[in-house]
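Since the structure comes first, as structure tokens, the remarks are kept for the end.
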Amino acid sequence: MSAQILDGLALSKVVRESLKERVLSLREKGVIPRLDVLVAAHDPASLSYVRMKHLWAEKAGMTGQSFPVDENTTQQELLDKIAELNANPDVHGILLQHPLPKHLDEQEALIALGSEKDVDGISPASLGRLVADLPGFRCATPLGIMKLLEHYGMELKGKKAVVVGRSVILGKPAALMLLQKHATVTIAHSRTVDLPDLCREADILVAAVGKAEMIKGDWIKPGAIVIDAGYNKVEGRKWDVGDVEFESAKEVAAWITPVPGGVGPMTVASLLSNAVDSAENILA
Ligand code: NDP
């Protein structure tokens, strides 16, 4: 058996095309959706992710600026910048590209960001709204995963889901979103005992670990849906690899996301979609 592909790149193109129409309509009303980004000035990976986000935003007709932060940026300067962007009515979304330089307190910055312009959906205020089932911006990566599952018509109700990873930006919110769709969810982490056996019970397996190809084909239940959110650099490999060993997993799963081309592009599409929602909220 060879699994069918959950094609995040193709779906992200559809989402981004639909954004173009929404942005055009906003522009006709005098609103240009704007996503601003605070990013570590000396982190090549972050800078390249942010360049791609701005590029895709521009292609959708949106605008945005990057504000580099570095070892000389003080916590107060970071908070002041967030307050300034929060107060600017032309800015609809603010992204703190993780990781910021180590001396800066990201959680305090996210608390200052609040929920109204947190289009990445990772501030404590936004996460609280997710837990409370209140409307608000949902975390871009798990939101992208849910859009992918929905697009391919995956039935989640009553299914056993295992999410491997409990980070605030990925594992935990992904688990909550699956729970909202009536899956029965288990969250696994680095202290989970018998992880392979637990994974073998999953109808839906979400890998959000950050360990290259840790999850093997024989950890997967035949016919499962496998979502690989991992992006791992491996020396000597041209492309980043996921947390799942794709070649063995695809022989067992029914559906699987590739890396690259699965969750990554859906994350960016969901971020931009949230930013356009934010601009539309102003007119509503
Ligand atoms: P974190 O490092 O914040 O969290 C990793 C999680 O995996 C932790 O909960 C950790 O457990 C768990 N873990 C680590 N080792 C093991 C193990 N051996 N067995 C079981 N669980 C383990 O990572 P993120 O959530 O930020 O990212 C996870 C992956 O997703 C990374 O590859 C990252 O690059 C990728 N990513 C992809 C995005 C995309 O757009 N596709 C966006 C964001 C991240 P514990 O809590 O016990 O330490």
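The values are calculated or read from the model by the stated rules, or taken from the named source; none is laboratory data. Every value quoted in this text rests on a predicted model; they were computed, and no experiment measured them. Using ideal geometry, Cβ is built from the backbone for each residue, glycine included, and neighbour counts are taken over all protein chains shown. Keep in mind that these areas ignore ligands, DNA and RNA; they rest on the heavy atoms of the full protein, side chains included. Shrake-Rupley method; radii C 1.70, N 1.55, O 1.52, S 1.80 Å.
Using alpha carbons only, the radius of gyration of segment 116-254 set against its Kirkwood radius gives Rg/Rh = 0.97.
Over the chain, accessible surface divided per residue gives 47 Å², non-protein components excluded, 1.4 Å probe.
What 222 nm value per residue comes from the helices of the chain, counting each DSSP H run with n ≥ 4 as -39,500 (n - 2.57) and dividing by all residues, nearest 500 deg cm²/dmol? Rounded to the nearest 500, it is -13000 deg cm²/dmol.
Quick one: what do you get for the chain if you divide its Cα Rg by 2.2 N^0.38 Å?
1.00
The long axis of helix 44-59 is offset from the longest Cα principal axis of the chain by roughly 70 degrees.
Relative to the longest principal axis of the Cα atoms of the chain, the long axis of helix 140-151 makes an angle of roughly 60 degrees. Within straight-line reach of K157, meaning a Cα separation under 23 Å, sit the following lysines at least 8 residues removed in sequence or on another chain: K147, K172, K181, K221. Rounded to the nearest whole Hz, the Karplus-based 3J(HN,Hα) values (6.51 cos²θ - 1.76 cosθ + 1.60, θ = phi - 60°) of segment 77-88 follow the sequence 5, 5, 5, 5, 5, 5, 4, 5, 5, 4, 7, 7, with x at glycine and proline.
For segment 163-174, putting each phi into the Karplus relation 6.51 cos²θ - 1.76 cosθ + 1.60 with θ = phi - 60° gives couplings of 10, 9, x, 10, 5, 5, 8, 9, x, 4, x, 4 Hz, in residue order, rounded to whole numbers and with x for Gly and Pro. A convex hull fitted to the Cα coordinates of segment 199-284 yields 111 cubic angstrom per residue. All Cα-Cα distances of segment 1-137, cut into 5 Å bins from zero to the largest, leave 2, 9, 17, 18, 20, 16, 10, 5, 2, 1, 0, 0 percent in each bin in turn.
How far, in degrees from 0 to 90, does helix 8-28 lean away from the longest principal axis of the Cα atoms of the chain, to the nearest 10? Computed tilt is about 20 degrees. Ranked by the mean number of other Cβ atoms within 10 Å of their residues, highest first, the peptides 58-64, 99-105, 234-240, 271-277 come out as 271-277, 58-64, 99-105, 234-240. Apolar share of the accessible surface for the chain: 55 percent from carbon plus sulfur atoms, 1.4 Å probe. So if I take the centroid of the Cα atoms in segment 111-152 and the same for segment 224-284, what is the distance between those two points in Å? Each part reduced to its Cα centre gives a spacing of 16 Å.
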